[in-house]
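Enquirer: Provided herewith is a single structure, encoded as structure tokens, for subsequent inquiry.
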Amino acid sequence: MIFKGKVWKFGDNIDTDAIIPARYLTTSDPQELATHCMEDADSNFVAKTKTGDIILGGENFGCGSSREHAPIAIKAAGISCVVAKSFARIFYRNAFNMGLPIFESRELVDAIKEGEEITVDSARGTITISNSNKAFTINPIPPFMEKLIADGGLMKHIARKRGKNHGE
């Protein structure tokens with residue numbers, strides 16, 4: 001998978017309340033959640049992003065509660081993937097379960113400015129800064145995890161597999 005987009009930088013310890021504030025958890029509608037994505041970290045985030053853009057985070061991105069709403073909001077807002085120095089464990093798992101690709105790169109986060117464009121090649125395990133051709137190595141997504149993402153997340157992946165097993 002290849003993701004190309006403008007980066008939007010956030011610092012360390014961006015928790016799930018910053019990603020999708022608790023006051024909006026009365027819904028699980030992805031499009032409604034998307035309208036409030038990153039609202040408490042940057043009130044103009046949704047208005048200034050475009051489909052395919054990429055979030056860059058510091059240490060411990062996605063810490064806090066185990067709510068699945070956070071990766072759902074990011075994905076529904078059109079963000080193609082998230083790159084961070086590190087992820088909270090529960091967010092890491094929830095992201096893949098919801099079909100949101102995430103990557104760790106300590107070096108990239110420190111080497112890039114907000115607004116620059118990057119290309120993430122998940123199969124090759126590289127991230128390239130477009131205007132400088134600087135490349136960074138990341139761990140490639142294992143093929144079974146790429147399948148989860150391609151299918152739209154764990155539940156859709158299971159449904160698809162069940163359909164195939166029943167001759168559909």
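All of the numbers you see were taken from the coordinates with simple rules; none came from a lab. Just so we're clear, the structure is a prediction, and the values are computed from it rather than from any experiment. Cβ atoms come from the backbone with ideal geometry, glycine included; neighbour counts cover every protein chain shown.
Enquirer: Name the pairs: first residue in region 92-117 and more than 16 Å from Asn133 (Cα to Cα), second residue of a type in the set (S, T, N, Q) and surrounded by 17 or more Cβ atoms within 10 Å (Cβ to Cβ), Cβ to Cβ under 8 Å, at least 6 apart or on different chains?
Expert: These pairs meet every condition: Pro101/Ser80; Pro101/Ser122; Phe103/Ser122; Glu104/Ser86; Arg106/Ser86.
Enquirer: Still on this structure, please answer the following. I'd like to verify a number: residues in region 1-54 that are more than 16 Å from the chain's Cα centre (by Cα) and of a type in the set (A, V, I, L, M), how many?
Expert: Residues meeting the conditions: 3.
Enquirer: Considering region 128-168 alone, what residues qualify as being in contact (Cβ under 8 Å) with a residue 60 or more places away in the chain and of a type in the set (A, V, I, L, M, F, W, C)?
Expert: Within region 128-168, Ile141, Ile149, Ala150 qualify.
Enquirer: Related question: Determine, yes or no, whether Ile55 is in contact with a strand residue (DSSP E or B) (Cβ under 7 Å, 6 or more places away or on another chain), surrounded by fewer than 16 Cβ atoms within 10 Å (Cβ to Cβ) and among the hydrophobic types (A, V, I, L, M, F, W, C).
Expert: So Ile55 fails the test.
Enquirer: I'd like to check which strands (runs of 3 or more DSSP E) are fully inside region 63-139 and have at least 3 residues that are of a type in the set (Val, Ile, Thr).
Expert: Working: elements: 81-84, 102-104, 117-121, 126-129, 135-137.
Answer list for region 63-139: 117-121, 126-129.
Enquirer: Quickly run through region 1-29 and pick out the residues that are touching a helix residue (DSSP H, G or I) at 6+ places or on another chain (Cβ under 8 Å), hydroxyl-bearing (Ser, Thr, Tyr) and free of Cβ contacts under 8 Å to residues at least 60 places away in the same chain.
Expert: Tyr24, Thr27, Ser28 - these are the residues of region 1-29 that are touching a helix residue (DSSP H, G or I) at 6+ places or on another chain (Cβ under 8 Å), hydroxyl-bearing (Ser, Thr, Tyr) and free of Cβ contacts under 8 Å to residues at least 60 places away in the same chain.
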